[in-house]
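Okay, so here's the structure we're looking at.
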Amino acid sequence: MVYKNVIGTTTTTTIAKEKKQVGWTVISSSKRGVMVDYRVIVVPTKNSTTTTSSATATATVGADFTVLRMRARTTLLRWHSGSQDPPTSIKLPLDMGPHIDWRSEGPAGIIAVFNGGFKKAAKAGGALDDGVTLEPLVRGDMTIAINALGHWEMGAWESKGFPTKDFKAISYRQNLLPLVLKGVVAPTTTTNPMAWGDPLRHVLAQPRTGLGIDANGNLIYVASMTGVLPSQVGAALVDAGAVTGMELDMNPFWPIMGASATPLHTQSGTFNLQLKGSQHSAGVFETGWERDFFTVMAEPSTWQCNWQSPGGISKNKITPQPLAAVGTGCKGIVKAAARKP
């Protein structure tokens, strides 16, 4: 589901803000309402039974997942290639390079960042950005598509209705087959867990991450640095409300996430919430990282203005996609966007 942040033609129209929700802690908000919120979900791993003289108690042992939710009506998304992966001999524009593009993304304000998917060598799917095919897209693999407005859709590549009509994507990122489809975790996560990534030392329970979309179109990132199984990543996504979902990167070195209470316009900001136990600070995305990652930015405070890339890319022809403020209420926003962070 994709939201288009527009208003009606009448000046009396009032657009409802994105509201707080019980069970979620707000990280950042604007005049449009909540932008990013989070929660911790515990996914059971096994049952432990303790017997005493008076009763038998069953305790659930579980793995903690940090869940980050990006609201569809108040945020936008971009995808970046890493310095080493996906590998390419092409000189990439800054907006798809291995670090936050402060000149383009800074005026909007970075409010969250998180890791991408597997290495190209894992043959887990394809990637395309700014019209450049970094790895061919694979039929049936779960794909997140991002358009010029920074809106997103997710589905199996070449499946019916995906991407939806008139959704003109500027980026695609795949990673394996669907992890969650129609709110159900893929059975192969249990029957064939090795199909969901090569674990270190053949130990299936590894730090893992995933990405999904809920029924309201919100983007959901889940991560655990505890050793977890692919089925647990899927369960965490479903528990968080995802109806579609894909696995992202795994193993201890790669999960990275950060969220800021206020939009970061320069590299000097702070990611207030980070993934507990991660081997890296989210700041690696500010200066440069070897693997692909996603940036989440704040939409303008007014509903009459949105951040938008040029779009109109040509296949396998590099077309930089810098953000610009577009709409009838962008007067102050455009002035802010013109400054160099």
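Laboratory data are not the source of any read-out in this text; all were calculated from the coordinates shown. Just so you know, these numbers come straight off a predicted model, no measurement behind them. Every residue, glycine as well, gets a Cβ built from its backbone with ideal geometry; the counts of neighbours run over all protein chains shown.
Comparing mean-square fluctuations of Phe271, Phe167, Phe253 from a GNM of the chain with C-alpha springs under 10 Å, the top value falls on Phe253. Neighbour counting of Cβ atoms within 10 Å sorts the residues Lys120, Lys31, Lys160, Lys276, fewest neighbours leading, into Lys160, Lys31, Lys276, Lys120.
Averaging 1/r across all pairs of distinct Cα atoms in the chain and inverting the result yields a Kirkwood radius of 20.4 Å. Its DSSP H runs of at least 4 residues, each contributing -39,500 (n - 2.57), put the calculated 222 nm mean residue ellipticity of the chain at -2000 deg cm²/dmol, to the nearest 500.
Provide Rg over Rh for segment 107-173; use the alpha carbon set for both Rg and the Kirkwood Rh (inverse mean inverse pair distance).
Reported Rg/Rh (Cα atoms, Kirkwood Rh): 0.98.
Helix 230-239 and the long axis of the chain differ in direction by around 60°, with both axes built from C-alpha atoms.
For Thr244, Thr209, Thr226, Thr190, the sequence from fewest to most other C-beta atoms within 10 Å is Thr190, Thr226, Thr244, Thr209. In angstrom, the C-alpha Rg and Dmax of segment 282-324 are 14.0, 37. The modelled label-to-label distance for the pair Thr262/Glu290, using points 7 Å beyond Cα in the direction of Cβ, is 3.5 nm. Given their separation in residues at 0.36 nm each and the Cα-Cα distance between them, Leu137 and Thr164 gain 8.0 nm when the chain is fully extended.
For the chain, a Gaussian network of Cα nodes joined below 10 Å ranks Thr189, Thr133, Thr287 by mean-square fluctuation, and the top entry is Thr287.
The Cα atoms of segment 59-187 give a gyration tensor whose axes a ≥ b ≥ c have a/c under 1.5, which makes the shape rounded.
Would you kindly calculate the translational diffusion coefficient of segment 219-267, applying Stokes-Einstein with the Kirkwood radius from alpha carbon pairs, for 10 °C and a viscosity of 1.306 mPa s, and quote it in µm² s⁻¹ without decimals?
Details: Rh = 12.6 Å.
Value of D from the Cα-based Kirkwood radius: 126 µm²/s.
Measure off 7 Å from each Cα along the Cα-to-Cβ vector at His202 and Ser281, then give the distance between these two points in nanometres to one decimal. About 3.9 nm, to one decimal. Over 22 Å between C-alpha atoms is what I'm after, so list which of Lys160/Lys182; Lys168/Lys317; Lys91/Lys119; Lys165/Lys315; Lys123/Lys168; Lys19/Lys182 land there. The answer is Lys123/Lys168; Lys19/Lys182.
Legend: ranking of residues Arg291, Arg201 from fewest to most surrounding C-beta atoms inside 10 Å; resulting order Arg201, Arg291.
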